[in-house]
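Engineer: So that we are looking at the same thing, I have put the structure below in structure tokens.
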2 protein chains.
Amino acid sequence: MDIVERLTQFGLTRHEAAIYLTLLAEGDLNGYEVAKTTGISRSNAYTSLASLVEKGGAYVIEEATIRYTPVAIAEFCQNKIRKLQQAKQDLIATIPAKRDAVEGYITIKGENNILNKLRNMILEARERVYISVPAQILETVLGDIESAINRDIKMVIITNGSFTLAGATIHIADQPLQQIRLIADSTNVLTGDVSNGEHSTCLYSRKRNLVDLFKDSMKNEIKLIEMTKGN
Amino acid sequence: MDIVERLTQFGLTRHEAAIYLTLLAEGDLNGYEVAKTTGISRSNAYTSLASLVEKGGAYVIEEATIRYTPVAIAEFCQNKIRKLQQAKQDLIATIPAKRDAVEGYITIKGENNILNKLRNMILEARERVYISVPAQILETVLGDIESAINRDIKMVIITNGSFTLAGATIHIADQPLQQIRLIADSTNVLTGDVSNGEHSTCLYSRKRNLVDLFKDSMKNEIKLIEMTKGN
DNA sequence: GTGTAGACTTACTAAGTAGGAACACTAAAT
DNA sequence: ATTTAGTGTTCCTACTTAGTAAGTCTACAC
């Protein structure tokens with residue numbers, strides 16, 4: 001992902017991000033110099049500098065002419081994160097907790113949201129997790145799997161390619177896996193695939209019958225893998 | 001702060017935030033019901049619902065008519081925070097560290113940015129912190145001060161009102177304090193006031209002469225407080 | 001007058017907001 | 001049975017604001 005795009009996630013516009021990077025690279029500059037080195041028109045350079053200061057991305061150095069100095073990247077990012085963490089706590093405190101009904105069949109759309117749900121299911125698991133995902137996806141949630149294992153969660157992983165992880169039971173499938181499947185605590189299940197990027201969809205459910213169905217299905221998958229391995 | 005406004009910090013529009021809150025309050029709804037209860041026009045309700053799903057704030061329930069269910073607030077917020085933390089790490093890894101020159105006199109604008117700088121100075125202190133702030137501001141950075149004390153940072157606090165804190169040296173001033181002043185590690189200093197909200201300005205500097213000046217000034221302030229107490 | 005420094009003006013685009021209209025389908029009232 | 005009211009969804013128009021792009025105007029210094 002582009003550096004500028006990453007910075008926009010912290011609330012900067014593309015101009016502000018470009019200016020911020022220029023300040024880091026070139027040292028402390030004034031508006032005119034910023035415009036010259038970034039190629040942003042002077043008028044926009046001045047307004048963007050002002051709003052960059054307002055957003056806490058740069059400080060003002062008062063000299064003969066006003067110069068700007070970038071705030072350290074870790075500091076700038078952490079300020080935003082801290083603010084969101086505070087906002088999260090405030091929201092949790094003010095918003096009535098959602099009664100966790102046994103929902104029906106829920107569709108989760110978009111690769112990002114699916115991976116987030118995958119992560120959160122692993123993070124919230126109390127006893128055991130059965131997960132069957134392509135190696136590539138396993139990589140992205142590895143940290144969460146490890147932390148679950150450290151919490152003494154029983155972890156059974158089905159994936160393709162070679163993979164080992166202390167504390168987890170691993171089954172390696174021959175064919176490349178297409179699907180994502182996860183069962184946590186025998187109570188909630190996630191299935192689908194993320195091959196369509198942001199158009200991917202997954203099914204999430206806490207319905208007993210579906211969960212049982214998937215438990216059997218994964219048991220069979222594991223049996224099959226072990227049998228073909230035996231040959 | 002308004003709940004809707006807090007949610008917008010997590011990337012939702014006002015419409016999306018209102019819809020999200022309605023879903024939490026009313027349970028799972030379809031587009032028509034959302035429009036009816038929120039008062040948002042039907043056309044916008046549908047588009048906002050779609051983008052709320054895209055942003056991971058709600059899931060789709062497929063039944064006779066499509067219904068929407070809100071994602072738990074903690075989960076939604078944490079997804080965003082996790083993403084930003086990852087982005088922060090990526091940025092730190094890709095961006096060349098700013099050489100920490102002895103900058104001149106830096107002006108920090110806006111109450112939020114000033115308080116952030118205050119926090120970060122406390123967080124980054126290695127040895128000692130002298131801080132002189134009104135009780136009200138002391139409250140907001142109390143957590144950071146406590147964690148600094150736990151890191152064995154020497155902490156000297158001048159404030160008004162009554163205040164005690166284990167591990168810190170406290171001096172109570174009679175008159176209400178107007179100014180913010182902080183010296184960390186005898187190397188960097190922050191001074192100004194935040195009484196003008198977002199139009200407040202503070203001076204930050206690592207200049208030796210200014211730091212020394214402030215050290216003396218705060219020493220005198222402490223002496224004066226102790227002497228008047230003696231009377 | 002040429003480079004530096006900053007402010008003002010205009011224009012285009014995209015996103016968010018606000019509201020009307022078309023269309024289809026269902027249940028109740030006449 | 002036909003009309004009417006309500007439900008559910010999509011499409012279209014319009015206004016506002018923010019971000020972007022670019023030109024003009026003043027002022028000063030060397």
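Engineer: Taking the options B:Gly11, B:Gly110, B:Gly31, B:Gly56, name whichever one is small (Gly, Ala, Ser) and away from chain A (no Cβ under 11 Å).
Structural biologist: Working: B:Gly11 fails: away from chain A (no Cβ under 11 Å); B:Gly110 fails: away from chain A (no Cβ under 11 Å); B:Gly56 fails: away from chain A (no Cβ under 11 Å).
B:Gly31 is the lone residue from the list that is small (Gly, Ala, Ser) and away from chain A (no Cβ under 11 Å).
Engineer: Does segment B:57-69 contain at least one residue that is in a helix (DSSP H, G or I), closer than 24 Å to A:Leu203 by Cα, within 16 Å of DNA strand D (Cβ to nearest atom) and of a type in the set (A, V, I, L, M)?
Structural biologist: Let us first name the residues in segment B:57-69 that are in a helix (DSSP H, G or I), namely none.
No, segment B:57-69 has no match at all.
For (1) more than 8 Å from DNA strand C (Cβ to nearest atom); (2) outside any helix (DSSP H, G or I); (3) among the aliphatic types (A, V, I, L, M), each residue gets a yes or a no:
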{"residue": "A:Gly11", "(1), (2), (3)": "yes, yes, no"}
{"residue": "A:Ala17", "(1), (2), (3)": "yes, no, yes"}
{"residue": "A:Leu24", "(1), (2), (3)": "yes, no, yes"}
{"residue": "A:Glu33", "(1), (2), (3)": "no, no, no"}
{"residue": "A:Ile40", "(1), (2), (3)": "yes, yes, yes"}
{"residue": "A:Ala45", "(1), (2), (3)": "yes, no, yes"}
{"residue": "A:Leu49", "(1), (2), (3)": "yes, no, yes"}
{"residue": "A:Val53", "(1), (2), (3)": "yes, no, yes"}
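Engineer: Still on this model: Look at segment B:20-43 and say how many of its residues are at pLDDT 90 or above and farther than 20 Å from A:Pro96 by Cα.
Structural biologist: Qualifying residue count, segment B:20-43: 0.
Engineer: Here is a further query. Look through B:Lys117, B:Lys80 and report the one residue that is closer than 17 Å to A:Leu115 by Cα, out of contact with any Ser or Thr (no Cβ under 7 Å at 6 or more places or on another chain) and basic (Lys, Arg).
Structural biologist: Details: B:Lys117 fails: closer than 17 Å to A:Leu115 by Cα.
Of B:Lys117, B:Lys80, the one residue that is closer than 17 Å to A:Leu115 by Cα, out of contact with any Ser or Thr (no Cβ under 7 Å at 6 or more places or on another chain) and basic (Lys, Arg) is B:Lys80.
Engineer: While we're looking at this one, here's another question. Looking at segment B:15-39 only, could you name the residues that are within 11 Å of DNA strand D (Cβ to nearest atom), over 24 Å from A:Thr201 (Cα atoms) and hydrophobic (A, V, I, L, M, F, W, C)?
Structural biologist: B:Ala35 - this is the single residue of segment B:15-39 that is within 11 Å of DNA strand D (Cβ to nearest atom), over 24 Å from A:Thr201 (Cα atoms) and hydrophobic (A, V, I, L, M, F, W, C).
Engineer: Let me ask something else about it. From (1) surrounded by fewer than 19 Cβ atoms within 10 Å (Cβ to Cβ); (2) part of a loop (DSSP other than H, G, I, E, B), pick out the condition that doesn't hold for B:Val194.
Structural biologist: B:Val194 satisfies all of (1) surrounded by fewer than 19 Cβ atoms within 10 Å (Cβ to Cβ); (2) part of a loop (DSSP other than H, G, I, E, B) except (1).
Engineer: Select from segment B:82-99 the residues that are aliphatic (A, V, I, L, M), surrounded by fewer than 17 Cβ atoms within 10 Å (Cβ to Cβ) and at the interface with another protein chain (Cβ under 7 Å from one of its Cβ atoms) and list them in ascending order.
Structural biologist: Applying the first criterion (aliphatic (A, V, I, L, M)) to segment B:82-99 yields B:84, B:87, B:91-93, B:95, B:97.
If we keep only those that are surrounded by fewer than 17 Cβ atoms within 10 Å (Cβ to Cβ) too, we end up with B:92-93, B:97.
B:Ile92 - this is the single residue of segment B:82-99 that is aliphatic (A, V, I, L, M), surrounded by fewer than 17 Cβ atoms within 10 Å (Cβ to Cβ) and at the interface with another protein chain (Cβ under 7 Å from one of its Cβ atoms).
Engineer: Same structure, new question: On the basis of being surrounded by 16 or more Cβ atoms within 10 Å (Cβ to Cβ), within 16 Å of A:Val194 (Cβ to Cβ) and either at pLDDT below 90 or in contact with a Lys or Arg (Cβ under 7 Å, 6 or more places away or on another chain) (or both), does A:Val141 make the cut?
Structural biologist: Values: surrounded by 16 or more Cβ atoms within 10 Å (Cβ to Cβ): yes; within 16 Å of A:Val194 (Cβ to Cβ): yes; either at pLDDT below 90 or in contact with a Lys or Arg (Cβ under 7 Å, 6 or more places away or on another chain) (or both): yes.
So A:Val141 fits the description; yes.
Engineer: Output the residue which, of all residues in segment B:41-53 that are more than 11 Å from DNA strand D (Cβ to nearest atom) and among the hydrophobic types (A, V, I, L, M, F, W, C), is nearest to the other protein chains (Cβ to nearest Cβ).
Structural biologist: B:Val53
Engineer: Among the residues of segment A:64-81, write down those that are farther than 15 Å from B:Lys80 by Cα and facing another protein chain (nearest Cβ under 7 Å). Even if it seems obvious, please write down each step before you answer.
Structural biologist: Step one: list which residues in segment A:64-81 are farther than 15 Å from B:Lys80 by Cα, which gives A:64-76.
Listed by number, the residues that qualify are A:Thr69, A:Pro70, A:Ala72, A:Ile73, A:Ala74, A:Glu75.
Engineer: It is to be established whether one or more residues within segment A:73-81 are of a type in the set (Asp, Glu) and away from DNA strand D (no atom under 16 Å from the Cβ). Break it down into steps so the answer makes sense when it comes.
Structural biologist: Filtering segment A:73-81 down to residues of a type in the set (Asp, Glu) leaves A:75.
Checking the rest, the ones that are also away from DNA strand D (no atom under 16 Å from the Cβ) come to A:75.
Yes, that holds for at least one residue.
The values are calculated or read from the model by the stated rules, or taken from the named source; none is laboratory data. Source: prediction; values computed, not measured. Here Cβ is always computed from backbone atoms with ideal geometry, including for glycine, and neighbour counts include all displayed protein chains.
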